[in-house]
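For reference, the structure discussed in these notes is given below.
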Amino acid sequence: MKDKHLHILAFGAHADDVEIGMAGTIAKLASEGKRIGICDLTDADLSSNGNVPLRKAEARHAAEILGVSFRTSLALPDRGLFLNDEFIRKIAGIIRIYKPQVVFAPYFEDRHPDHGNCARLVEEAVFSAGIKKYQTEEGNEPHRVEKLFFYMINGFHKPDFTTDITLFMDKKLAALRAYKSQFEQTDDSVDTPLVNGYIETVEARERMFGKLVGVTYAEGFKTKVPILLKRDLMGD
């Protein structure tokens, strides 16, 4: 995949973050032939349930369900995603390798600090990746990302725009259910919000976003800059 530019590169702090926020959009765009990659910043080694090998297997399964072109992890420290030059350079390096048109990251406002810190790191890396004299480990040429958008994980915020995922909600749910260690209650599970109806909560949120725009299910996104409409003003 390193010789093919991506249409979309989605970053998450942990495997399952991207699926919670935008799995339906990924499945929809992948079905249209778009090349999409997912980069998890950590291996989620501090998660209350599951373990790293199991989480990686679940992440691969979820990626297959959604039809993404590749998935990777930077193996940065879980609960250690602080704003520093080393992490920014690693993320910028990934951006330069895969040269995405559009980058997604978690929205800043979230109850989990790692999600907000992921957003800040990715925002810094997107900017740095486009600077000619900025050096990354791989030494690749600068790449300027066209757009940076933010998806929601634990929050319910007023979206700046939405995507209709009605026909792909089943894929989103299947991708989430691939993470059995995180979302299924078992005798060995630690009691966390994730194993107490979390998937149902996500489904309800996407239904609410859908109600806002007149469809059954939608995913909501935030942006720091206005979106330029070209041919979609009349819904074409």
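Residues within the reach of a label modelled at D160 (point 7 angstrom out along Cα to beta-carbon, backbone nitrogen below 17 Å), restricted to the range 204-234, are 219-230. Students often get this wrong, so check it: of K158/K222; K4/K171; K34/K180; K28/K172, which have C-alpha atoms separated by over 20 Å? Beyond 20 Å between Cα atoms: K4/K171; K34/K180. Each distinct pair of alpha carbons in the chain adds a 1/r term; the inverse of their mean, the Kirkwood radius, is 18.0 Å.
Annotation for the range 1-72: trypsin sites (Lys or Arg not before Pro) lying in DSSP loop with at most 10 further Cβ atoms inside 10 Å of their Cβ are K2.
Surface composition of the chain: carbon and sulfur atoms hold 52% of the protein heavy-atom accessible area at a 1.4 Å probe. Partner aspartates and glutamates whose Cα lies under 19 Å from the Cα of K147, excluding those fewer than 8 positions away in the same chain, are identified as E123, E124, D160, E219, D232.
Classified by the C-alpha gyration tensor, the range 123-236 has an oblate form. Its axis ratio a/c, with a ≥ b ≥ c, is 1.5 or above, and a/b does not exceed b/c. Once the 1.4 Å probe is applied to the protein heavy atoms, the chain comes out at 50 Å² accessible per residue.
Indicate the gyration tensor shape class of the range 56-97 (rounded, prolate or oblate), computed on the Cα atoms with a ≥ b ≥ c the square roots of the eigenvalues: a/c under 1.5 is rounded; otherwise a/b larger than b/c is prolate and the rest oblate. Judged from the Cα gyration tensor, the range 56-97 comes out oblate (a/c at least 1.5, b/c at or above a/b). Among the trypsin sites (Lys or Arg not before Pro) within the range 156-227, those in coil by DSSP and having at most 14 neighbouring Cβ atoms inside 10 Å are K224. Taking a ≥ b ≥ c as the square roots of the eigenvalues of the alpha carbon gyration tensor, the range 1-134 is oblate, as a/c is not under 1.5 and a/b does not beat b/c. Mean residue ellipticity, 222 nm, helices only, the chain: the sum of -39500 (n - 2.57) across DSSP H runs of n ≥ 4, divided by residue count and rounded to 500, is -12000 deg cm²/dmol. Overall shape of the range 110-189 was characterised from the C-alpha gyration tensor. The equivalent ellipsoid obtained from it has semi-axes of 32, 18, 14 Å, in decreasing order. Loop-located GluC sites (Glu not before Pro) in the range 139-236 (DSSP state not H, G, I, E or B) with no more than 14 neighbouring Cβ atoms inside 10 Å: E146, E184.
The values are calculated or read from the model by the stated rules, or taken from the named source; none is laboratory data. Since the model is a prediction, treat every value here as computed from it, not as a measurement. Every residue, glycine among them, receives a Cβ derived from its backbone with ideal geometry; neighbour counts consider all protein chains shown. When the accessible area is computed, the model is the full protein with side chains, heavy atoms only, and any ligands, DNA or RNA have been set aside. Shrake-Rupley method; radii C 1.70, N 1.55, O 1.52, S 1.80 Å.
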